[in-house]
Amino acid sequence: MKIEYKIQDRFDFGLFIPALLLGIIGLVAIYSSTLNHPTMSGNFDKQAFWLVVSLAAFFVIYFLPQPTFKWSAILLYVVGLLLLIVVLVAGKKVYGARSWISFGSVGFQPSEFMKMGMIFLMAFWLSMRNRNVDRVYDIAIALAIGAFPIMLILLQPDMGTSIVYMLIVLSMIFWGGISLFTLFVVISPGVVIFASLFGMIPFISTLLLVGVALFFFKRHIFTSASVFVLNLAAGFFFEYIFTLLQPHQQRRIETFLKPDSDPLGSGYNALQAKVAIGSGGLWGKGFLEGNQTQLRFIPEQWTDFIYCVIGEEFGFFGSVLTLALFLIIFIRLFNLSFKAKDNFSSLVVIGILTLLFVHFAINIGMNLGITPVIGLPLPFVSYGGTSLLLNFSLLGVAANIYKNRIQTT
């Protein structure tokens, strides 16, 4: 018996349309922010071209047989690793990071391509039969899949992208069935390091909370003591880790902790972005009418700080509309992770959701001054062909999973 389906049963308009609208909003903001720029006025045409290419990629991937994603996991991962090695040797250095491979006038970031390969391979490993992510061997392999690209990206160095990879790995391991205690062991050292940024009192307070948590987990005394020592060591090694960062990365962290410490240096962009967003009011100053935008107070605001262009020229309404479109995408992806027909597909959707959400949260936080400036673009909106192509390609994967969630007979 053949079952008839409506088009909305096979194609997730609630996923595609918000992303398309975000791409159009990005084009409008890029046009405004580069119109009076002497060398970047062509960015609008380039972004429009890549938006068309990205939409084509979305539909090509949408119509692929779903098993293609699982079959291509190892290939994409290996090719991604090779490209990350190549970029360290022959890559173009931009803003202190050797993260671009240039083909004439076209630039390509291997770290963007690698995100798809890592998500697919993580999902493939975690969804294999008889996997138990609480076993040392299984979790070690899962962490290693993420560790190799993270180490290569840190060598570029690109701290922002490395953080995205780390969070994708953690979220997928959690979704794969890791116990709460094992997840606590993996995450707690990072929390302690973050707390140590704010001084000795937050550091000690966090260690006390770790101790309380270990008490309630009621594990063997040796296990609990080992985890506590691991957290203690993580906090004390922060100073060493800090010295490994590039000078501009150190300044960004210091500016995040003390926003007004360098208003004309590393803190300049964040402060000007807040001024731009705050000056937009309810409806904004109007298209091409933003002072901060048109007078170029914020360098390269068509990339990391594009949200402040939207906030200044389209006000609270434009800002909230942008956030709402992202929220729709996140909700659709989260719901899809429960409806996917197999564990592999569900894990892939969670990886995609984490990638987009981390970029979104950190980028918006950068514009509002509540997260460090670590150079992450706003998905679908910020200028950048590689990022736009990857995001729509991953959305095509999610749309494909949505289509195939229905069991046909």
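The values are calculated or read from the model by the stated rules, or taken from the named source; none is laboratory data. These figures come from a predicted structure and were not determined experimentally. Reconstructed Cβ throughout: ideal geometry from the backbone, glycine too, with neighbour counts over all protein chains shown.
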Exercise for the section: Kindly check whether there is at least one residue in the range 34-48 that is among the hydrophobic types (A, V, I, L, M, F, W, C), part of a helix (DSSP H, G or I) and out of contact with any helix residue (DSSP H, G or I) (no Cβ under 9 Å at 6 or more places or on another chain). Expected result: no
Handout entry: Scope the range 49-74; condition of a type outside the set (Val, Ile, Thr), in a helix (DSSP H, G or I) and under 10 Å from Phe120 (Cα atoms); matching residues
Key = Phe69, Lys70, Trp71, Ala73
Exercise for the section: Determine which member of the set Leu232, Leu214, Leu207, Leu197 is aliphatic (A, V, I, L, M), surrounded by 14 or more Cβ atoms within 10 Å (Cβ to Cβ) and within 20 Å of Leu167 (Cα to Cα). Expected result: Leu197
Exercise for the section: Scan the range 326-356 for residues that are surrounded by fewer than 19 Cβ atoms within 10 Å (Cβ to Cβ), closer than 17 Å to Pro379 by Cβ and not β-branched (Val, Ile, Thr) and report the count. Expected result: 3
Problem - Sole exception among (1) buried (at least 17 other Cβ atoms within 10 Å of the Cβ); (2) modelled with pLDDT of 85 or more for Ile178, by number - result: (2)
Exercise for the section: Check Ser41, Ser54, Ser33 and return the single one that is free of Cβ contacts under 8 Å to residues at least 24 places away in the same chain, surrounded by 12 or more Cβ atoms within 10 Å (Cβ to Cβ) and not charged (D, E, K, R). Expected result: Ser41
Handout entry: Leading residue by the ranking (modelled with the lowest pLDDT) among those in the range 102-157 that are more than 22 Å from the chain's Cα centre (by Cα) and under 23 Å from Ile85 (Cβ atoms)
Key = Gly104
Practice task
Kindly check whether there is at least one residue in the range 11-19 that is under 20 Å from the mean Cα position of the chain (by Cα), surrounded by 12 or more Cβ atoms within 10 Å (Cβ to Cβ), over 28 Å from Leu347 (Cα atoms) and at pLDDT 90 or above.
Solution key: no
Practice task
Can you confirm whether the range 60-67 contains a residue that is over 21 Å from Cys308 (Cα atoms) and of a type in the set (S, T, N, Q)?
Solution key: yes
Completion exercise
Of those in the range 373-408 that are hydroxyl-bearing (Ser, Thr, Tyr) and within 23 Å of Ala73 (Cα to Cα), the residue surrounded by the most Cβ atoms within 10 Å (Cβ to Cβ) is Tyr402
Exercise for the section: Among what's in the range 396-409 and is part of a loop (DSSP other than H, G, I, E, B) and more than 22 Å from Gly117 (Cβ to Cβ), pick the residue that is modelled with the lowest pLDDT. Expected result: Thr409
Practice task
Test Leu88 against the stated conditions and say whether it is surrounded by 16 or more Cβ atoms within 10 Å (Cβ to Cβ) and assigned to a helix (DSSP H, G or I).
Solution key: no
Exercise for the section: Give, as residue ranges, the helices (runs of 4 or more DSSP H) completely inside the range 287-395 that count at least 2 residues that are without any contact (Cβ under 8 Å) to a residue 40 or more places away in the chain and within 25 Å of Val53 (Cα to Cα). Expected result: 306-339, 343-368
